[in-house]
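Have a look at the structure below, then the notes.
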Amino acid sequence: MSTAHVLPLSSPTLTRAEFARRSDELAAEAEKRARERQHPRGRMTARERLDHLLDEGSLRETDRFAGAATPADFLGSGVITGFGRIGGREVAVYAQDFSVRGGSLGDIEGEKIARLMRQAIDRRLPLFALLDSGGARIQDGVTSLARYGQIFALATEASGVIPQISVVLGPCAGGAVYGPALTDIVIMEREASYMFVTGPKVVQAATGEKISSADLGGADMHGSVSGVAHMVIDGERESLDAARAVLSYLPSHCGEAAPRYAFDGDDIGEAHARRVGDLVPEGAKQAYDMRDVIEALVDYGEFVEIHEHFAASVVVGFACIDGRAVGIVANQPNVDAGTLDVAASEKAARFVTLCDTFGLPVVTLVDVPGYRPGSEQERAGIIRRGAKLITAYASASVPLVTVIVRKAYGGAYIVMGSKSLGADVALAWPGAEIAVMGAEGAVDILHGKSLAAAERRGVDVAAQRAHYIEQWRASEISPDRALQTGELDGLVDPGETRWAIIDALRVTAAKPRPARSPRVRPNPPL
Ligand code: HXC
């Protein structure tokens, strides 16, 4: 469209109708330019993304004309900010617009985002960030870096107050990565998003390493290796759908109750829940997919998994049980026998903390043989990093319901939401193996010297060792001790588990969330 005949936006003679017409023209021009830039590359424009994320027609843009150099040369800013609704709930959102100077963040963009964040915090609204940006606007120099600093400070202030959900739909490079990193959930679109602190060129110049953007900071890497991405999703629309889905399990702010939906019953689901015991093999070492168990226990089998491919020996995610939004934490016998390692401990700790922040009860399903042994784990700091899971459970004030479905050994038993750490209700399936360690290990420690001495005397000790193991297994590896000491509230038949959890959630629903002992702040092992 030629700009020669268009009305300026700020003329004193402009009527309301002319202003409305001119602003619509400007918006249409900007969107046309954005489409020309994004569509040939198979990407949505920022506005299309917002339209998809928000309930239809609900976007109310803020600072719409900020960044227009002159009315006749309207480029606008590289970010759209505003408020809208998701599932009828008011939210704040910003979407970086790659068609305007690569979505880079300059003075104006920083100011717009900071203003939006301030309002989101003050009005207690969930905040969504759709990221697609070349990073700090080079022309704005240090000012744009300072704007990032402001955004980081606001994200930190918002943390724990309102849910913050980032959807990375394109580049996110340099220190800009800390914007999403400070938020509660990071969703990365599989094909076109990447995040790195230093890009491939700088990496090569500094270290000689040649690496592609995808290998350095692509969605799959962050979803499975670094753990930066909580969800990796194929497709832009699907990524935005995932962001909507996550919000449906969270309140709008920390002072609001977690969502509760009407649940009218589901005959097929309930029949499935009655047979959940069939999904778990009897042999303690046989693998199975814990996700099948989770899906059998939750409403409509709907489980929104977080960190699906990262630290997969533990499974975490959102679900509803009898209409109540809950967080699920479970060991995954299908991956490394479900052992806890550094990454799994941190993954579960972060998720429990997220649930506690936003008032979601945590349902923990335990089937854990122990911590993963070995020097690699010790060197990686399993002591320091494993402690985070203890901190998360022990400091949580939301209802904690724990069910041991097959086995729970040693330290891993205690840290997986045990009664002594603070579980409100702890149950086990009959026949669950609960002990300080496996029978073989215990016998070798308790009888190792005498067995070795007998062997030196030429005695065949295999039968004796087997006897000790059997004896230990019969006397020690069961839920009995845990029941006798009150570590377990009772046993639950597998087929009754769903209803036992429903009952536990009902009786703990009014659990007060007391202010903890006065202190400036906890000092958790970071
Ligand atoms: C100003 C930028 C820009 C930037 C891109 N553009 N990044 N303008 N500042 N940071 C502009 C380009 O000049 C171009 O303008 C348009 O956006 C599209 O960019 P292209 O390069 O044509 O697109 P593409 O080939 O898809 O490459 C995208 C890109 C590349 C990979 C993001 O643009 C790039 O490498 N940009 C620089 C990334 C970077 O190093 N940023 C600084 C990171 S440090 P025209 O007019 O031609 O359309 C940082 C520090 C934050 O962000 C610190 C916080 C504490």
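The values are calculated or read from the model by the stated rules, or taken from the named source; none is laboratory data. Everything numeric here is computed off the predicted structure, so don't read it as measured data. Positions of Cβ are backbone-derived with ideal geometry, glycine not excepted, and every protein chain shown enters the neighbour counts. Keep in mind that these areas ignore ligands, DNA and RNA; they rest on the heavy atoms of the full protein, side chains included. Shrake-Rupley method; radii C 1.70, N 1.55, O 1.52, S 1.80 Å.
When ALA30, ALA17 are screened for being aliphatic (A, V, I, L, M), open to solvent by less than 30 Å² (accessible area, probe 1.4 Å) and at negative phi, only ALA30 passes.
Against the conditions (1) of a type outside the set (Gly, Ala, Ser); (2) surrounded by 15 or more Cβ atoms within 10 Å (Cβ to Cβ); (3) part of a helix (DSSP H, G or I), ILE404 satisfies every one except (3).
Residues in region 160-183 that are touching a residue at least 60 places away in the same chain (Cβ under 8 Å) and either farther than 21 Å from GLY218 by Cα or more than 10 Å from the ligand (Cβ to nearest atom) (or both): GLY160, VAL161, ILE162, PRO163, ILE165, VAL167, VAL168, LEU169.
Could you please let me know if GLY76 is within 16 Å of the ligand (Cβ to nearest atom), outside any helix (DSSP H, G or I) and over 22 Å from ALA192 (Cα atoms)?
Values: within 16 Å of the ligand (Cβ to nearest atom): yes; outside any helix (DSSP H, G or I): yes; over 22 Å from ALA192 (Cα atoms): yes.
Spelling it out, GLY76 is indeed within 16 Å of the ligand (Cβ to nearest atom), outside any helix (DSSP H, G or I) and over 22 Å from ALA192 (Cα atoms).
Residues checked against (1) surrounded by 13 or more Cβ atoms within 10 Å (Cβ to Cβ); (2) among the hydrophobic types (A, V, I, L, M, F, W, C); (3) in contact with a Leu (Cβ under 6 Å, 6 or more places away or on another chain):
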{"position": "ILE434", "(1), (2), (3)": "yes, yes, no"}
{"position": "ALA442", "(1), (2), (3)": "yes, yes, no"}
{"position": "ALA453", "(1), (2), (3)": "no, yes, no"}
{"position": "GLY458", "(1), (2), (3)": "no, no, no"}
{"position": "LEU483", "(1), (2), (3)": "yes, yes, no"}
{"position": "VAL492", "(1), (2), (3)": "yes, yes, yes"}
{"position": "ILE501", "(1), (2), (3)": "yes, yes, no"}
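Being open to solvent by 30 Å² or more (accessible area, probe 1.4 Å), at negative phi and in contact (Cβ under 8 Å) with a residue 24 or more places away in the chain, is that true of even one residue in region 319-327? Among the residues of region 319-327, at least one is open to solvent by 30 Å² or more (accessible area, probe 1.4 Å), at negative phi and in contact (Cβ under 8 Å) with a residue 24 or more places away in the chain, which makes the answer yes.
Where residues in region 472-495 are part of a loop (DSSP other than H, G, I, E, B) and of a type in the set (Gly, Ala, Ser), which of them is nearest to VAL405 (Cα to Cα)? Please lay out each step first, then the result.
Within region 472-495, the subset part of a loop (DSSP other than H, G, I, E, B) is 477-479, 485-489, 492-493.
Subsequent filtering for residues that are of a type in the set (Gly, Ala, Ser) retains 478, 486.
Numbers: SER478: 12, GLY486: 18 Å.
Here the answer is SER478.
Only a single criterion out of (1) under 20 Å from MET437 (Cβ atoms); (2) in contact with a Gly (Cβ under 9 Å, 6 or more places away or on another chain); (3) assigned to a helix (DSSP H, G or I) is not satisfied by ALA500, namely (1). Out of the residues in region 184-216 that are away from the ligand (no atom under 14 Å from the Cβ) and of a type in the set (Val, Ile, Thr), which is surrounded by the fewest Cβ atoms within 10 Å (Cβ to Cβ)? Out of the qualifying residues, it is THR207.
With respect to MET44, is the statement that it is more than 21 Å from VAL197 (Cβ to Cβ), assigned to a loop (DSSP other than H, G, I, E, B) and more than 14 Å from the ligand (Cβ to nearest atom) true? Give the steps one after another, and end with the answer.
Details: more than 21 Å from VAL197 (Cβ to Cβ): yes; assigned to a loop (DSSP other than H, G, I, E, B): yes; more than 14 Å from the ligand (Cβ to nearest atom): yes.
Judged against the criteria, MET44 is a match.
If I ask for residues that are closer than 18 Å to SER99 by Cα, of a type outside the set (A, V, I, L, M) and either at pLDDT 95 or above or assigned to a helix (DSSP H, G or I) (or both), which ones from region 134-152 would you list?
Of the residues in region 134-152, the ones closer than 18 Å to SER99 by Cα are 134-140.
Within this subset, residues satisfying the condition of being of a type outside the set (A, V, I, L, M) are 134-135, 137, 139-140.
GLN139, ASP140, listed by residue number.
For the condition within 15 Å of the ligand (Cβ to nearest atom), out of contact with any Phe, Trp or Tyr (no Cβ under 8 Å at 6 or more places or on another chain) and either modelled with pLDDT under 90 or among the charged types (D, E, K, R) (or both), what is the one hit in ASP122, ASP107, ASP63?
Values: ASP122 fails: within 15 Å of the ligand (Cβ to nearest atom); ASP63 fails: within 15 Å of the ligand (Cβ to nearest atom).
Matching residue, one of ASP122, ASP107, ASP63: ASP107.
Taken as a whole, the condition of being surrounded by 18 or more Cβ atoms within 10 Å (Cβ to Cβ) and out of contact with any Gly (no Cβ under 9 Å at 6 or more places or on another chain) does not apply to THR156. Here LEU145 clears all of (1) closer than 24 Å to ARG60 by Cα; (2) within 16 Å of the ligand (Cβ to nearest atom); (3) touching a strand residue (DSSP E or B) at 6+ places or on another chain (Cβ under 6 Å) except the condition numbered (1).
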